[in-house]
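Read-outs: derived from the displayed coordinates by stated rules, not from any lab. Model, not experiment: these values are computed from the prediction. When we count neighbours, we look across all protein chains shown, and the Cβ atoms used for this are built from the backbone with ideal geometry, even at glycine.
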Amino acid sequence: MVNERFKVVTFFYPSKVIGGAELLFLRLAIILSQSTQLLIQYVDYVDGFVATEIEKYNHNIKIIPFHNYQGIKLLKGSLLVTPLSSIFQVARFFNKEVYVMLWSIHPMGLKEAIDLLPSHIPSVSYKRYGQDLTNLIALNGLFFMDKPNFTIQKSIFDLQQLQVNYLPIFSSDVTHLKKYGTLDSAILSLGWLGRLCIEKVNPLLNVISHCNDYLKIRPTEKIIFYIIGDGDKKTMVQNFEIHKNLELRFLGILSGEELHKFMLKQVDLMFAMGTSALEIASLNIATILVDFSFTEIPKNNRFRYLYESMDYSVGDKFQVDNNYKHEFNSILETLKSGEISYHAKMCYDYFCFHHSENSVVNKFCSILSTINVRVLDINNSKFGKYRQLFIIKSMYFKIKKWFGI
């Protein structure tokens, strides 16, 4: 871990709920706090998820209480790390002398933040923010987690860059790895890990459809398919017609050691996207990285292993011309032959090199010396244009509170 520029690093992602992004920022803060060279701070609600976790486990992180209508004074020249979707809050709450690193970890996060602007602030034309985002990238203040994240926003905001530097997301390192042996059973154990929301249920149903077709021509075999996760589209999976030799087992939400123990013992091949795919690969389990899709995926699609991903992608949007190498049936034949252990090892090595804690933290520290964006730059952009309205609104609520109105 090398960082000779900033001695104080503050994370800003206040939230009262637990989610993948919250866990990502918390874990990064914890790792950095273990260095004696850094003072790590985290801005969160007093009863927020991260603040609660920090106090519960007594992490060496200073909590700065967050209030919706109160500014935050940070040390001049220190670094603020926050998701790109929080850029409007950066302009509202922080002093101009602070440096800012914006990390885009959700391709629709900024668009959704713009959509949530007060109704008197026009938000229809996303492209009007493009030049400011282009400038932030040029000043090394904005980093994207992978190519799909950048590509989607390049289209939405009309970004001018052809290429950018990525800061990939990571998953926690583990101590236990799966050991593959010979498959001496006609029962194949497959699994899914992830939320059952529409863009993830469609690829899951596509995999189940492939299982149906596989079993139609192999009547002596059976597939047990474990579904780990929950969501508002669970009924789509429950109501999906399946082959008599295909058994779906819904396990709900598992996490931590319980999740790891189950996958290590019960599953030989997993399908996932996002941080779920990374968590699986970290266990030396063969991981198929599926595409996300808001509509049904046709059954002539092909698949790829996580290690075949490009530009740190942890999930691309499905396209009919996606050029992946593997047919579904050939993947299951690889599983039966025992060759799946090779692909599991390749997934694990890919994870260690690109998405492990150590690899990402080292990359994070290496880019700190290049950051040239301050809160002042954001204030002077279209993202800061309406900050005065928010300040007036903040004063209004303070006056009401003062007079007990």
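In this simple spin-label model, placing a label point 7 Å from the Cα along the Cα-to-Cβ direction at both GLU241 and ASP349 gives a separation of 4.4 nm. DSSP assigns beta bridges within the chain; of those with both partners inside it, close to 5 percent run antiparallel. Each Lys and Arg adds +1 at its Cβ and each Asp and Glu adds -1 at its Cβ; summed about the Cα centre, the range 229-383 shows a dipole of about 100 debye. A simple spin-label model places pseudo-atoms 7 Å from Cα toward Cβ; at LEU254 and SER155 they are separated by 3.6 nm. Could you tell me the center-to-center distance, by alpha carbons, between the range 5-76 and the range 206-248 in angstrom? Computed from Cα coordinates, the inter-centre distance equals 42 Å.
Relative contact order of the chain, taken over Cα pairs closer than 8 Å and 6 or more residues apart, is 19 percent. Ordered by the number of other Cβ atoms lying within 10 Å of each residue's own Cβ, fewest first, ASP321, ASP47, ASP146 fall into the sequence ASP321, ASP47, ASP146.
Distance between the C-alpha centres of the range 252-296 and the range 118-194: 18 Å, rounded to the whole angstrom. Dipole magnitude for the chain: about 1340 debye, using +1 per Lys or Arg Cβ and -1 per Asp or Glu Cβ, origin at the Cα centre.
When +1 charges are put on Lys and Arg Cβ atoms and -1 charges on Asp and Glu Cβ atoms, the dipole computed for the range 64-192 relative to its Cα centre reaches about 260 debye.
Modelled spin-label separation between LEU139 and HIS326, with each label point placed 7 Å from Cα along the Cα-to-Cβ direction: 4.4 nm. Among the listed pairs LYS179/LYS325; LYS179/LYS265; LYS234/LYS261; LYS16/LYS56; LYS96/LYS154; LYS96/LYS363, those with a Cα-Cα distance over 21 Å are LYS179/LYS325; LYS234/LYS261; LYS96/LYS154; LYS96/LYS363. Which part of the range 163-177 falls in the paramagnetic zone of ARG5, meaning amide N under 17 Å from the point 7 Å along Cα-to-beta-carbon? Under 17 Å, as judged by backbone N against the label point of ARG5, lie 165-168 of the range 163-177. Look at the dipole of the range 63-197 built from charges on Cβ: of ASN135, ILE187, ASN68, the Cα furthest out on the positive end belongs to ASN68. By DSSP, the beta bridges lying fully in the range 187-354 are antiparallel in about 10 percent of cases. Fully extending the segment from LEU183 to GLN319, taken as 0.36 nm per residue of separation minus the present Cα-Cα distance, adds 45.6 nm. Loop-resident trypsin sites (Lys or Arg not before Pro) (DSSP state other than H, G, I, E or B) in the range 35-133 with no more than 12 further Cβ atoms inside 10 Å of their Cβ: LYS73, LYS76.
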